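Q: Submitted below is the structure of interest, expressed as structure tokens.
No lab work stands behind these numbers, since they all come straight from the coordinates. The model shown is predicted, which means the values in this text are computed figures rather than measured ones. For neighbour counting, all protein chains shown are included, and Cβ atoms are generated from backbone atoms with ideal geometry for every residue, glycine included.
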Amino acid sequence: MKITNIKLGHISVPLKKPFKTALRTVYSVEDIIVIIETDTGHVGYGEAPPTGPITGDTTGAIIGAIEDHIKKHIIGMDIENMEDIMLKLDSSIVKNTSAKAAVDIAIYDLYGQLYKAPVYKLLGGYRKEIITDITISVNAPEEMARDSIEAINQGYKTLKIKVGKDSSLDIKRMKAIRAAVGYDVDLRIDANQGWAPKEAIHTLRKMEDAGLNIELVEQPVLAHDFEGLKLVTDNVSIPVLADESVFSPRDAMTIIQMRAADLVNIKLMKTGGIHNALKICSIAEIYGVECMIGCMLEAKVSVTAAAHLAAAKSIITKIDLDGPVLCSEDPVYGGATFEDYKITLTDEPGFGFKEIRGIKYI
């Protein structure tokens with residue numbers, strides 16, 4: 001099964017409601033779709049979102065990285081030679097992790113088709129069903145409380161609350177949400193780099209004193225500030241999850257060895273795909289550090305790939321793969337099944353994609 005061509009397309013999927021964080025507000029998913037064709041007629045699908053504020057990858061950058069760099073390095077290669085493909089993919093251009101991830105996902109899709117097995121079984125096969133949280137966007141406390149109640153009524157047992165815009169108001173937001181949903185629901189908070197280290201410590205201690213019972217706090221400080229992240233981790237009881245600080249296996253190793261965070265968040269768009277994400281899983285297993293699997297605002301192609309990784313590995317204990325359920329429609333036929341909080345994988349070869357409707361080819 002040899003790669004004969006790589007095509008690119010664009011999909012646009014409106015969200016049910018605006019997605020607001022400390023970094024950005026998004027109204028629709030605007031993603032690049034990668035289609036890898038082979039000499040056997042098999043097709044692999046990948047996906048990349050332009051998330052400039054987080055990865056630095058814009059739509060034009062993703063297209064340029066694939067068309068001008070990645071494509072010429074891997075066309076003609078045999079899918080069974082996975083290691084060599086990944087070496088060439090990784091060395092074809094520096095950074096550009098979203099472009100690499102989209103190609104990596106399509107390659108793994110074909111790898112599963114080659115061996116007639118779902119990817120999660122090839123990677124470990126730990127489970128077939130996973131449970132995700134859902135994100136509550138940052139808004140006024142009353143609106144966030146209403147959104148939280150709506151999510152609980154849909155069956156969600158874990159909410160990820162976006163904070164990081166005005167720390168004093170963040171405390172009011174969390175008090176309003178906890179009062180609304182009670183204590184049978186797990187609350188995670190995600191500051192998206194929105195606090196300074198001492199501000200984060202002050203805010204989190206206030207939440208601890210208020211008895212808000214926060215499960216974890218995600219990326220309280222700037223991504224590059226490993227020392228600040230460690231300062232927060234050392235001075236609060238709430239477990240700290242490193243997200244934007246972790247792009248590579250080396251980042252994960254450094255943070256774990258520094259004890260700068262209690263957990264690490266794996267996102268395929270940061271790691272450059274499944275190949276490097278597996279390395280982070282191995283590092284975390286060695287040190288006994290649990291992982292979360294997360295996503296950007298992505299449609300079902302790349303989130304299905306992340307779900308396969310999560311299903312394969314026991315070290316991934318926390319799931320944040322709500323991208324597809326935040327969308328108002330699903331253009332992807334096949335792949336994982338997303339039923340509110342429950343994600344179920346099929347035993348179709350690869351990732352099980354059949355068709356993506358509404359692609360505008362580039």
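Q: Need the list of aspartates and glutamates near Lys71 for cross-linking: C-alpha distance under 18 angstrom, and skip anything on the same chain fewer than eight residues off.
A: Cross-link targets: Glu37, Asp39, Glu47, Asp57, Glu80, Glu83, Asp84, Asp90, Asp104, Asp109.
Q: Which of the pairs Lys16/Lys230; Lys128/Lys162; Lys160/Lys342; Lys128/Lys360; Lys157/Lys313; Lys7/Lys162 have their Cα atoms more than 25 Å apart in this structure? If you can, show how the numbers build up before the last one.
A: Numbers: Lys16/Lys230 36 Å; Lys128/Lys162 29 Å; Lys160/Lys342 16 Å; Lys128/Lys360 32 Å; Lys157/Lys313 22 Å; Lys7/Lys162 36 Å.
Pairs exceeding the cut-off: Lys16/Lys230; Lys128/Lys162; Lys128/Lys360; Lys7/Lys162.
Q: Quick check: Cα centre of region 1-31 to Cα centre of region 305-352, how many Å?
A: Result: 16 Å between the Cα centres.
Q: With the cut-off at 1.5 for a/c, could you classify the chain from its C-alpha gyration tensor as rounded, prolate or oblate? Please report the intermediate quantities before stating the final value.
A: Working: a/c = 1.85, a/b = 1.59, b/c = 1.16.
It is prolate, given that a/c is not under 1.5 and a/b is the larger ratio.
Q: Next question. Pairs of Cα atoms under 8 Å, at least six residues apart: use those to get the relative contact order of region 1-152, whole percent. Write down the numbers at each step before the final one.
A: Details: 230 pairs, mean separation 35.8, N = 152.
RCO, region 1-152: 24 percent.
Q: Right, something else. Near the amide H of Gly350, under 5 Å away, which other amide H atoms are found, from residues 5 or more places off or on another chain, if H is placed in the peptide plane?
A: Gly112, Gln113, Ala117, Val119
Q: From the backbone phi of region 305-314, what are the Karplus-calculated ³J(HN,Hα) couplings (6.51 cos²θ - 1.76 cosθ + 1.60, θ = phi - 60°) in whole Hz, Gly and Pro given as x?
A: 4, 4, 5, 5, 5, 4, 5, 7, 10, 6
Q: Spelling out what I want: for every residue of region 55-68, take phi, set θ = phi - 60°, compute 6.51 cos²θ - 1.76 cosθ + 1.60 (Karplus), and round to whole Hz; glycine and proline get x.
A: 9, x, 8, 9, 4, x, 5, 4, 4, x, 4, 6, 5, 8
Q: Take the alpha carbon atoms of region 163-215, find their center, do the same for region 62-105, and report the distance between the two centers in whole angstrom.
A: 40
Q: A follow-up question, please. Can you give the net charge of the other residues whose Cβ lies under 13 Å from the Cβ of Ile315, counting K and R as +1 and D and E as -1? Intermediate values should be presented prior to the final figure.
A: Values: positive: Arg127, Lys279, Lys313, Lys318; negative: Glu285, Glu290.
My count for the surroundings of Ile315 gives +2.
Q: So what is the 222 nm mean residue ellipticity for the chain from helices alone, if each DSSP H run of at least 4 adds -39500 (n - 2.57) and you divide by all residues, rounding to the nearest 500 deg cm²/dmol? Numbers along the way, then the final one.
A: Working: 14 runs with 140 residues, N = 362.
Result for the chain: -11500 deg cm²/dmol, rounded to the nearest 500.
Q: Now for a different question. Rounded to the nearest 0.05, what FRET efficiency do Ala210 and Glu150 give with R0 = 22 Å and r taken as the Cβ-Cβ distance? Could you check?
A: On the way: r = 23 Å, r/R0 = 1.07.
According to the calculation, E is roughly 0.40.
Q: While we're here: Quick one: grab the alpha carbon gyration tensor of region 65-104, order the square roots of its eigenvalues as a ≥ b ≥ c, and give me rounded if a/c is under 1.5, else prolate or oblate depending on whether a/b is larger than b/c.
A: Details: a/c = 1.90, a/b = 1.51, b/c = 1.25.
Prolate.
Q: Mean separation of Cα pairs under 8 Å and 6+ residues apart, divided by the residue count of the chain: what relative contact order is that in percent? Present the calculation step by step, with values, prior to reporting the outcome.
A: Working: 851 pairs, mean separation 75.1, N = 362.
Once normalised by length, the contact order is 21 percent.
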